[in-house]
Structures are given as C-alpha cells and as structure tokens.
1. If we keep just the residues of the range 108-145 that are at positive phi and modelled with pLDDT under 90, which is surrounded by the fewest Cβ atoms within 10 Å (Cβ to Cβ)?
2. Take the conditions open to solvent by 10 Å² or more (accessible area, probe 1.4 Å), in contact with a strand residue (DSSP E or B) (Cβ under 8 Å, 6 or more places away or on another chain), in contact (Cβ under 8 Å) with a residue 40 or more places away in the chain and not in a loop (DSSP other than H, G, I, E, B) and apply them to GLU202. Does it pass?
3. Sort out which residues of the range 205-225 are within 17 Å of the chain's Cα centre (by Cα) and open to solvent by less than 30 Å² (accessible area, probe 1.4 Å), and write them in order of number.
4. Return yes when ARG152 is at pLDDT 90 or above, outside any strand (DSSP E or B), open to solvent by 30 Å² or more (accessible area, probe 1.4 Å) and not β-branched (Val, Ile, Thr) and no when it is not.
5. Suppose we filter the range 92-107 for residues that are part of a helix (DSSP H, G or I) and exposed (fewer than 11 other Cβ atoms within 10 Å of the Cβ); how many remain?
6. Out of curiosity, is GLN87 closer than 29 Å to LEU249 by Cα, assigned to a helix (DSSP H, G or I) and either open to solvent by less than 10 Å² (accessible area, probe 1.4 Å) or in contact with a Ser or Thr (Cβ under 7 Å, 6 or more places away or on another chain) (or both)?
7. Can LEU220 be described as at pLDDT below 90 and closer than 19 Å to ARG28 by Cα?
8. Checking the structure you have, find out if any residue of the range 64-81 is touching a helix residue (DSSP H, G or I) at 6+ places or on another chain (Cβ under 6 Å) and either touching a residue at least 60 places away in the same chain (Cβ under 8 Å) or over 14 Å from ARG152 (Cα atoms) (or both).
Amino acid sequence: MALDPPAVSFRGLGQVFETRGGRVEALREVSFDVARHEFVAILGPSGCGKSTLLRMVAGLLKPTRGRVSVFGLPVTEPRDDVGIVFQKPTLLPWASVEDNILFPARHKRGSVTQQDRARAAELIAMTGLQGFEKRLPDELSGGMQQRVGIARALHMDPDILLMDEPFSALDALTREEMGFELSRIFEARRKTVLFITHSVSEAAILADRVVVLTGRPGTLAADMPVSLPRPRGIETASMGATHEFAGHLRSLLLRRAA
C-alpha cells in the first residue's frame, strides 16, 4: 500500500530576490517534510527566509529553485485548503467580529449560508469571543483581535494553517496566554501547522518539531522533534524537560549566530 504524501514538502528550495540594492539570496537548498496534523515551528534569525517559506506554501511566491508540494501536488497558486494568520490580524475596521470571520466565505461565494454562520458561532465560542460578536476591531484588545484572525483563518476549515509570528505584536503576558490558547485549539481541531516564531520557549511549548534555519541565505541547521507530552498547558512551561529543550535550542541558535 502506498504511503500518503506529506502535507507539505520542500525540496531543494532556493530563493533569490532582485532588489534595487542588488541580488539577495534568501534561501539555499532547503529540504524537509511536514506530516499531516503535525505542528512544526520554524526558528531562525531575521532575514533567513522563514516568511518566504510560508509564502511559497500559500502559493504567493514561486521558488527560484526547487519545488514546494502540498499533499503531493506542486503549489502553483493559492489553495482553499491553506489558511494564513499574519503578524497583525489585518481585520476589516468597519466590520464586526462575526463579519470579519465570515469574510473569506463571503469573498469566495458572494454570500454566506446558515452553515457558515453556525461555523462562525462555533469558532467564536472556541476562541473565547462570546459576547463580542458585534464589536468592531478597535473595541477589542490586541489579543482578542488576534483571536478573530485565528478564527477567520479556521472558518474555511483548511487542512494547513500558516502562522507568521502571529503573537509578535502582543505584550509578554498576552502572548503567553495566546500561545496556550493556540495549543488548546490545536488539540481540539488538529491541523497541519507551520508556525514562525523568534521565541525559543514558544517553539518548545507549542510544536511537535522545530526546524532551525541558519542566517541568510537560510539553510537547514537542525530538525528536532519535541518529546513533551500533549495536551500542553501552563504547567508545561515549568517542566524541566521544557527548559532543557529550550536551552538546547537557544545554544544552537547562538552558535549559529556566532
């Protein structure tokens, strides 16, 4: 029996950007796979091509070299089974929480169904936004806005969720809270997740695997499984195994930066 293809596959990826300042090589010979329903965090210094990888999976950028495939098929354009959560939630300022979550369905089909609204209500409950359905974005805290962004990305029920430093603009306490919230959502509704972060502890607590890239041009420096048990919650942050793994990651990153 043939094995199912990985959810995402990167093979021999290279990316060069031509800028007014000259040629910039962002990625060089990057290859790794992501299994279905696996949570993979990507760590590395700024400018090493982390966001470039996500743009390739999303079908927003064609690699200069190599190939990206999703469920065994080459990525040639944006796909309905891939959702994206950005660094900032990029909500429609004039639309309510509910309407922001429903926007992808309305944009795709021109209207929303009762099933769409029921799905939005389910996600509002899952992300702790009950009672705020009719609020506008500027009436919400930063953490609540990011919850809306996550709910919107999940509304079309994508198989793959791309998250580009989704909590980087939040204060430390809210960021920690959102990390545990994401872990809870991941346990309740498993997705294939590619999660970019600069936080070593965030990667250790959330991910099944951590992929580390070198400085530009980004190459694969390490691909490390995370053996911490699931489900993970606030107690995971204080576990000795968590600190040990995070320390190993931190040492690896510092050696690569030296």
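The values are calculated or read from the model by the stated rules, or taken from the named source; none is laboratory data. Owing to the predicted nature of the structure, the values given are computational and were not obtained by experimental measurement. Cβ: placed from backbone, ideal geometry, glycine included. Neighbour counts: every protein chain shown. Heads up: the accessible areas ignore ligands, DNA and RNA and are worked out on the full protein's heavy atoms, side chains in. Shrake-Rupley method; radii C 1.70, N 1.55, O 1.52, S 1.80 Å.
1. GLY110
2. When the stated conditions are applied, GLU202 passes them.
3. ILE205, LEU206, ALA207, VAL210, VAL211, VAL212, LEU213
4. yes
5. Adding up the residues that qualify gives 1.
6. no
7. No; evaluated as a whole, the condition is false for this residue.
8. Checking the range 64-81: at least one residue is touching a helix residue (DSSP H, G or I) at 6+ places or on another chain (Cβ under 6 Å) and either touching a residue at least 60 places away in the same chain (Cβ under 8 Å) or over 14 Å from ARG152 (Cα atoms) (or both).
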